[in-house]
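> Sharing a structure, written as structure tokens. Questions coming.
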Amino acid sequence: MFAQIADIARYDGQEITLRGWIYDKTGKGKLQFIKLRDGTGIVQCVAFKGNLDEETFELAKRLPQESAVTITGTVRADQRAPGFPGGFEVDVKSLTLLQEAVDYPITPKEHGTEFLMDNRHLWIRSSRQWAILRIRATIVNALRNWLDNNGYLLVDTPIITPAAGEETTTLFKLDYFGEPAFLAQTGQLYNEANMMAFGKVYCFGPTFRAEKSKTRRHLIEFWMLEPEMAFFSLEDLMDMEEQLISYTVQQVLEKHRVELDILERDINRLEAIAAPFARISYDDAVARLQKLAAETDDPEQKALLAMEWGGDFGSPHETAIAEMFEKPVFVYHYPTAVKAFYMQPVDGRPEVCRSVDLLAPEGYGEITGGSERIYDADLIEQRVATIGLPREAYAWYLDLRKYGSVPHAGFGLGLERTVAWICGLPHVRETIPYARLLNRKYP
């Protein structure tokens, strides 16, 4: 019977047939140890010369890495057997070659990052990349399941848009049949329209930012989850986010202990992720940073932590704030000047808006950013005029404040940053199958 390696424990003592690729191979004398992968896991297959005809054993000896094969054999429990999941191996009875790989470029030796990125189409076969991308899939599934099960409706938003959602300097411009158009930075503005129809909605898709950034947190093309909710306050938003994030982390812990082990992830840090999360104001965060800067004797650290009220946080600031807490921390009420035009001002403090970022621990920075949205028609008109946005491009968005406008809130979650944090990765380039970076669009 054909079987998947992930289900190997079901077949102890039975004869099965596996189809896959040779991940690695070692041999000594009359024994060949073949690590076979099939996309669901890796299992050790033992080819003993005494059990095979000479031609089959010679084939087992010479087959190179990544050759495609079919192997039939008997499953045997052995706690020493390596693999994912481990504890079982297959005594080979027959082996059929489907395609022999020649000069596979990624060998067990050390390779540089640029070489691996040039060969990303092959690198994703390695156990580390396999683990990351399986966890990514579960994170996507968990986010959607929580939303679907809590009254949110998936409504898709356009990728080609007539105007900026946020910052005009980070747009990719297109020629749309002779007229200018742009790749979407966000689905949020359309989501506000969708929210007015369905109450609680979300979109989940690719977004594009033409930022000339080379940091470990930035991609040019990335995926973003964006929920939007009618009649939600900023406090409601934070309550919802901590439930969503906690559920997602727990799903990864439940389903991916093997993959987290491959990544050598400290799961104790993840096990601590449960609601509630700490909440501090921007004012408080700046005061804490200033205190840290004043207390350090390291001039370099003092310079990194230097912070005046009114500025946006950089990576060192976000890291320093997050290190004060074991769980993610909400920072709310940022200066209006550093946030998007559609964010609701704080009553009595127009220089501050009802915004919030969620900072992940361990130096991973902002993973969500959101706010209450301006719902007053006159105020949003004023904001568009003050910033100098082309009113005709936003006329449909401004209409939303004329026909049944209500207080509402929403946020965007960067999938790749979330994957990097949960997996404990040093760079976002491994969190997506084919990363688009400032100087990379191949393969």
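> Check region 93-113 and report whether any residue there is of a type in the set (Lys, Arg) and touching a Ser or Thr at 6+ places or on another chain (Cβ under 6 Å). Steps first, answer last, please.
The first filter runs over region 93-113 and keeps only residues of a type in the set (Lys, Arg), leaving 93, 109.
Checking which are touching a Ser or Thr at 6+ places or on another chain (Cβ under 6 Å) leaves us with 93.
So far as region 93-113 goes, yes, one or more of its residues are of a type in the set (Lys, Arg) and touching a Ser or Thr at 6+ places or on another chain (Cβ under 6 Å).
> Scan Asp261, Asp266, Asp297, Asp347 and give me the residue that is surrounded by fewer than 15 Cβ atoms within 10 Å (Cβ to Cβ) and either touching a residue at least 24 places away in the same chain (Cβ under 8 Å) or touching a strand residue (DSSP E or B) at 6+ places or on another chain (Cβ under 7 Å) (or both). Spell out how you get there, then give the answer.
Details: Asp261 fails: either touching a residue at least 24 places away in the same chain (Cβ under 8 Å) or touching a strand residue (DSSP E or B) at 6+ places or on another chain (Cβ under 7 Å) (or both); Asp297 fails: either touching a residue at least 24 places away in the same chain (Cβ under 8 Å) or touching a strand residue (DSSP E or B) at 6+ places or on another chain (Cβ under 7 Å) (or both); Asp347 fails: either touching a residue at least 24 places away in the same chain (Cβ under 8 Å) or touching a strand residue (DSSP E or B) at 6+ places or on another chain (Cβ under 7 Å) (or both).
Going through Asp261, Asp266, Asp297, Asp347 in turn, just one is surrounded by fewer than 15 Cβ atoms within 10 Å (Cβ to Cβ) and either touching a residue at least 24 places away in the same chain (Cβ under 8 Å) or touching a strand residue (DSSP E or B) at 6+ places or on another chain (Cβ under 7 Å) (or both): Asp266.
> How many residues does region 104-120 contain that are more than 11 Å from Pro443 (Cβ to Cβ) and part of a loop (DSSP other than H, G, I, E, B)? Before you say what the answer is, go through the steps one by one.
Here is the first cut: in region 104-120, the residues more than 11 Å from Pro443 (Cβ to Cβ) are 104-116.
Next, only the ones that are part of a loop (DSSP other than H, G, I, E, B) stay: 104-112.
Adding up the residues that qualify gives 9.
> Of all residues in region 134-185, which are basic (Lys, Arg) and either touching a helix residue (DSSP H, G or I) at 6+ places or on another chain (Cβ under 7 Å) or without any contact (Cβ under 8 Å) to a residue 40 or more places away in the chain (or both)? Outline the logic, then answer.
Residues of region 134-185 that are basic (Lys, Arg), as a first pass: 134, 136, 144, 173.
Selection gives Arg134, Arg136, Lys173.
> A further question on this structure: Enumerate the pairs (first residue in region 44-57 and farther than 23 Å from Gly86 by Cβ; second residue anywhere and modelled with pLDDT of 95 or more and part of a strand (DSSP E or B)) with beta-carbon separation below 6 Å, excluding pairs fewer than 6 apart on the same chain, so at least 6 apart or on different chains.
These pairs meet every condition: Thr56/Leu95.
> Quick test of your reading of the structure: Leu59 fulfils all but one of (1) surrounded by 14 or more Cβ atoms within 10 Å (Cβ to Cβ); (2) touching a Ser or Thr at 6+ places or on another chain (Cβ under 8 Å). Name the failing condition by number.
(2)
> Within the group Ile34, Ile16, which residue is under 14 Å from Ala81 (Cβ atoms) and crowded, with 16+ Cβ neighbours inside 10 Å? Explain how you work it out, then say what you get.
Numbers: Ile16 fails: under 14 Å from Ala81 (Cβ atoms).
Result of the check over Ile34, Ile16: Ile34.
> If you don't mind, another one. Which of the residues belonging to region 77-93 are touching a residue at least 12 places away in the same chain (Cβ under 8 Å) and surrounded by fewer than 14 Cβ atoms within 10 Å (Cβ to Cβ)? Lay out the reasoning, then the answer.
At the first step, the residues of region 77-93 found to be touching a residue at least 12 places away in the same chain (Cβ under 8 Å) are 77, 81-85, 87-93.
Answer for region 77-93, where residues must be touching a residue at least 12 places away in the same chain (Cβ under 8 Å) and surrounded by fewer than 14 Cβ atoms within 10 Å (Cβ to Cβ): just Ala77.
> With respect to Tyr342, determine if the residue is hydroxyl-bearing (Ser, Thr, Tyr), within 25 Å of Ile160 (Cβ to Cβ), out of contact with any Phe, Trp or Tyr (no Cβ under 6 Å at 6 or more places or on another chain) and touching a residue at least 60 places away in the same chain (Cβ under 8 Å). Reasoning before the result, please.
Values: hydroxyl-bearing (Ser, Thr, Tyr): yes; within 25 Å of Ile160 (Cβ to Cβ): yes; out of contact with any Phe, Trp or Tyr (no Cβ under 6 Å at 6 or more places or on another chain): yes; touching a residue at least 60 places away in the same chain (Cβ under 8 Å): yes.
Yes.
> Answer with yes or no whether Gly50 is at positive phi, at pLDDT 95 or above and over 31 Å from the mean Cα position of the chain (by Cα). Steps first, please.
Numbers: at positive phi: no; at pLDDT 95 or above: yes; over 31 Å from the mean Cα position of the chain (by Cα): yes.
When the stated conditions are applied, Gly50 does not pass them.
> I would also like to ask the following. Would you mention how many residues in region 89-125 are polar (S, T, N, Q) and more than 29 Å from the chain's Cα centre (by Cα)? Even if it seems obvious, please write down each step before you answer.
Residues of region 89-125 that are polar (S, T, N, Q), as a first pass: 94, 96, 99, 107, 113, 119.
Next, only the ones that are more than 29 Å from the chain's Cα centre (by Cα) stay: 94, 96, 99.
Here the count works out to 3.
> When the residues of region 265-312 are filtered to those that are in contact with a helix residue (DSSP H, G or I) (Cβ under 8 Å, 6 or more places away or on another chain) and basic (Lys, Arg), which remaining residue is modelled with the lowest pLDDT?
The qualifying residue modelled with the lowest pLDDT is Lys302.
> Mind listing just one residue for me: the one in region 135-149 that is out of contact with any Pro (no Cβ under 9 Å at 6 or more places or on another chain) and of a type outside the set (A, V, I, L, M) and, of those, farthest from Glu430 (Cα to Cα)? Before the answer, list the steps.
First pass over region 135-149, keeping only residues out of contact with any Pro (no Cβ under 9 Å at 6 or more places or on another chain): 135, 137-146, 148-149.
Among the residues that remain, those that are also of a type outside the set (A, V, I, L, M) are: 138, 141, 144-146, 148-149.
Details: Thr138: 16, Asn141: 19, Arg144: 22, Asn145: 24, Trp146: 25, Asp148: 28, Asn149: 30 Å.
Out of the qualifying residues, it is Asn149.
> Here is a follow-up. Grab the strands (runs of 3 or more DSSP E) fully contained in region 346-415, keeping just those with 1 or more residues being within 23 Å of the chain's Cα centre (by Cα). Show your work before the answer.
Values: elements: 349-353, 355-360, 365-372, 408-414.
Qualifying strands (runs of 3 or more DSSP E): 355-360, 365-372, 408-414.
> Now for a separate question. Among the residues of region 155-171, write down those that are at pLDDT 95 or above and either in a loop (DSSP other than H, G, I, E, B) or surrounded by 13 or more Cβ atoms within 10 Å (Cβ to Cβ) (or both). I'd like the intermediate steps shown before the answer.
First, the residues of region 155-171 that are at pLDDT 95 or above: 155-160.
Answer for region 155-171, where residues must be at pLDDT 95 or above and either in a loop (DSSP other than H, G, I, E, B) or surrounded by 13 or more Cβ atoms within 10 Å (Cβ to Cβ) (or both): Val155, Asp156, Thr157, Pro158, Ile159.
> Do you know which residues across region 310-361 are farther than 25 Å from Ala293 by Cβ and among the aromatic types (Phe, Trp, Tyr)?
Phe341, Tyr342
The values are calculated or read from the model by the stated rules, or taken from the named source; none is laboratory data. Keep in mind it's a predicted model, so treat the numbers as computed, not measured. FYI the Cβ positions are ideal-geometry reconstructions off the backbone, even for glycines, and counts take in every protein chain you see.
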